[in-house]
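Student: For reference, the structure I am asking about is given below.
The values are calculated or read from the model by the stated rules, or taken from the named source; none is laboratory data. The structure presented is a predicted model; accordingly, all values stated were derived computationally and were not measured. For neighbour counting, all protein chains shown are included, and Cβ atoms are generated from backbone atoms with ideal geometry for every residue, glycine included. SASA here: full protein model, heavy atoms, side chains in, ligands and nucleic acids out. Shrake-Rupley method; radii C 1.70, N 1.55, O 1.52, S 1.80 Å.
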Amino acid sequence: MAPAPTPTRAPAFSASRTLATTARVLRQLRHDPRSIALMLFVPCVMLLLLRYVFDGSQRTFDTIGASLLGIFPLITMFLVTSIATLRERTSGTLERLLAMPLGKADLILGYALAFGLLAVVQSALATGLALWGLGLDVIGSPWLLLLVALLDALLGTALGLFVSAFAASEFQAVQFMPAVIFPQLLLCGLFAPRDTMHPVLEAISNVLPMSYAVDGMNEVLQHTDVTADFIRDILVVAACALLVLALGAATLRRRTA
């Protein structure tokens, strides 16, 4: 009796499967208008409120507005991505997908691409509102500002995909925000220059990606040309996003035999 043929494993990556995953996620999000509104418009609303909080001090808004232009998209993408991905884990959708000839890279890149496309729209809306609607005064190119905002949103997407593996409910996913986002928010240099912090806190801030996101925004705010520090900042943010996506792929596994 001839031995049963060994099933062939799917390639680690396939562009067609990745795009199919992206299309599926976008179709699902299309039926979730609240999540779309949270991703696209909440950063704009927050910037609008911030502008009129400092209505009597345009200079103050110019100082912190650029930094928050990167922070707000990161936070909203983190929340929406972690909750949306957790829904697929708890509903068994990911379980069924992992039983198909679909590589982990296809899944994680498909999710990242879907939410990344929304991040592009979100960053463009927020940057356009800040520059031309609220009068944010920056010395550098608006395109560089948009680039940093987009990288921040993608970082938030990657973090959301990663932490969803460790939450058993949507409430737990939200609980990760104080652990993952708030320390970065406090230590990123928004409230005080990082070099004036306690040495231990400054050392911690030096390894947190949000610190480099804020530094990158400040480089655009203060310099007309692309500086070496700006290149370093965006490379760190991009590298952190890729690293977290890789860690997120490592968490994709079947939970049942």
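Student: From the set of residues in the range 11-22 that are surrounded by fewer than 14 Cβ atoms within 10 Å (Cβ to Cβ) and modelled with pLDDT under 75, which is nearest to residue 154 (Cα to Cα)?
Tutor: 13
Student: Name the one entry in 42, 53, 25 that is open to solvent by 40 Å² or more (accessible area, probe 1.4 Å) and touching a residue at least 12 places away in the same chain (Cβ under 8 Å).
Tutor: So the residue among 42, 53, 25 that is open to solvent by 40 Å² or more (accessible area, probe 1.4 Å) and touching a residue at least 12 places away in the same chain (Cβ under 8 Å) is 42.
Student: Which one of the conditions (1) open to solvent by 40 Å² or more (accessible area, probe 1.4 Å); (2) in contact with a Phe, Trp or Tyr (Cβ under 8 Å, 6 or more places away or on another chain) does residue 147 fail to meet, given that it meets all the rest?
Tutor: The failed condition is (2).
Student: Separate question: Given the residues 196, 224, which is the only one that is of a type in the set (S, T, N, Q) and in contact (Cβ under 8 Å) with a residue 40 or more places away in the chain?
Tutor: 224
Student: Are any of the residues in the range 179-195 under 25 Å from residue 113 (Cα atoms), in a helix (DSSP H, G or I) and among the acidic types (Asp, Glu)?
Tutor: no
Student: Just one of (1) within 15 Å of residue 112 (Cα to Cα); (2) open to solvent by 40 Å² or more (accessible area, probe 1.4 Å) trips up residue 88, so point out which.
Tutor: Going through (1) within 15 Å of residue 112 (Cα to Cα); (2) open to solvent by 40 Å² or more (accessible area, probe 1.4 Å) one by one, residue 88 breaks only (2).
Student: Then there's this: Out of everything in the range 237-257 that is β-branched (Val, Ile, Thr) and surrounded by 19 or more Cβ atoms within 10 Å (Cβ to Cβ), what residue ends up being modelled with the lowest pLDDT?
Tutor: 244
Student: Just to check your reading of the model, which residue among 155, 129 is in a helix (DSSP H, G or I), hydrophobic (A, V, I, L, M, F, W, C), open to solvent by less than 40 Å² (accessible area, probe 1.4 Å) and modelled with pLDDT of 90 or more?
Tutor: Working: 129 fails: open to solvent by less than 40 Å² (accessible area, probe 1.4 Å).
Only one candidate passes the filter, namely 155.
Student: Could I ask something else about it? Can you tell me which residue in the range 158-178 is farthest from the chain's Cα centre (by Cα), limited to those that are open to solvent by 60 Å² or more (accessible area, probe 1.4 Å) and polar (S, T, N, Q)?
Tutor: Among those that are open to solvent by 60 Å² or more (accessible area, probe 1.4 Å) and polar (S, T, N, Q), it is 172.
Student: Another question, then. Looking at 136, 201, which one is over 20 Å from the mean Cα position of the chain (by Cα) and open to solvent by 50 Å² or more (accessible area, probe 1.4 Å)?
Tutor: Criteria check complete, one pass: 201.
Student: May I pose another question? Checking the structure you have, find out if any residue of the range 114-122 is more than 15 Å from the chain's Cα centre (by Cα) and either at pLDDT 80 or above or on the phi > 0 side of the Ramachandran plot (or both).
Tutor: Looking for residues that are more than 15 Å from the chain's Cα centre (by Cα) and either at pLDDT 80 or above or on the phi > 0 side of the Ramachandran plot (or both), one finds none in the range 114-122, hence no.
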